[in-house]
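Remarks on the structure that follows.
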Ligand code: ADE
């Protein structure tokens, strides 16, 4: 079973429209839509924004819906001058950028006492998502690389530069690493698929509303095409 998580209603609304809904269940104030998307058994859910909502949602998908693959879809702020609004980023791994136990000598982002610094995406899913996007969205750049998540909308060049220096990540958002972390603990596969809505700098508040819809369209198109190939 495939679980698809978007943080905001706008990010999952079109996916829900395109699916054949068989059952809707309410758990932890979230609505889980089980049914078929492109003939694939899926559960689609809006987690709400931020790492806690995302982790709770992912664990419910695993425990109650027996999901063995998680896709996190949505939008993100670019952390690379080459990565433009509308481009797609597929995660190779994810880090919680606001985890900071550096007072004890851990690098920023390291969850203390865990055996990994970053939470990896599934190799096969990365490859498939990249291939599918290059085929269905040939005019849109596909990037693969690290995604960082934190409970923070990044809208300043200073914060952006710090994230680039610390993590060398491609983009930043607010849920992906929490979902990848949950997948890691449960030993299931996952990938984060994000379309860029802004540059995570001082223009982010202006760009975000203007490009949110376009970015969501790109990510929805990829998630549907990917589900069809899985
Ligand atoms: N989602 C989209 N843009 C973002 C940004 N700049 N920071 C955090 N999450 C985002």
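The values are calculated or read from the model by the stated rules, or taken from the named source; none is laboratory data. Bear in mind that the values here come from a model prediction, so they are computed numbers and not experimental data. Quick reminder, even Gly has a Cβ in these numbers, built from the backbone with ideal geometry, and neighbours come from all protein chains shown.
Structure notes:
- Residues (closer than 27 Å to residue 122 by Cα, near the ligand (Cβ under 9 Å from one of its atoms) and surrounded by fewer than 20 Cβ atoms within 10 Å (Cβ to Cβ)) located in segment 143-157: 152, 153
- Those residues of segment 110-145 which are modelled with pLDDT under 95 and out of contact with any strand residue (DSSP E or B) (no Cβ under 8 Å at 6 or more places or on another chain), in sequence order: 135, 136, 138, 139
- On the stretch given as segment 76-98, residues that are within 11 Å of the chain's Cα centre (by Cα) and modelled with pLDDT under 95 total 0.
One line per residue, one yes/no per condition, for (1) crowded, with 22+ Cβ neighbours inside 10 Å; (2) touching a strand residue (DSSP E or B) at 6+ places or on another chain (Cβ under 7 Å):
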| residue | (1), (2) |
| --- | --- |
| 9 | no, yes |
| 14 | no, no |
| 29 | no, no |
| 39 | no, no |
| 42 | yes, yes |
| 62 | no, no |
| 81 | no, no |
| 84 | no, yes |
| 88 | yes, yes |
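- Matching residues in segment 203-215 - criterion: being away from the ligand (no atom under 11 Å from the Cβ) and either touching a residue at least 24 places away in the same chain (Cβ under 8 Å) or part of a loop (DSSP other than H, G, I, E, B) (or both): 213, 214
- Residues considered: 160, 124, 130. Of these, the only one that is crowded, with 20+ Cβ neighbours inside 10 Å and at negative phi is 160.
- Test for residue 148: is it in a loop (DSSP other than H, G, I, E, B) and touching a strand residue (DSSP E or B) at 6+ places or on another chain (Cβ under 6 Å): no
- If the condition is being out of contact with any helix residue (DSSP H, G or I) (no Cβ under 7 Å at 6 or more places or on another chain) and surrounded by fewer than 17 Cβ atoms within 10 Å (Cβ to Cβ), then segment 16-27 contributes 17, 20, 21, 22, 23, 24, 25, 26.
- Residue check for residue 179: in a helix (DSSP H, G or I) and either touching a helix residue (DSSP H, G or I) at 6+ places or on another chain (Cβ under 9 Å) or near the ligand (Cβ under 10 Å from one of its atoms) (or both): yes
- The listed residue being over 17 Å from residue 226 (Cβ atoms), at pLDDT 95 or above and within 16 Å of the chain's Cα centre (by Cα), out of 56, 24: 56
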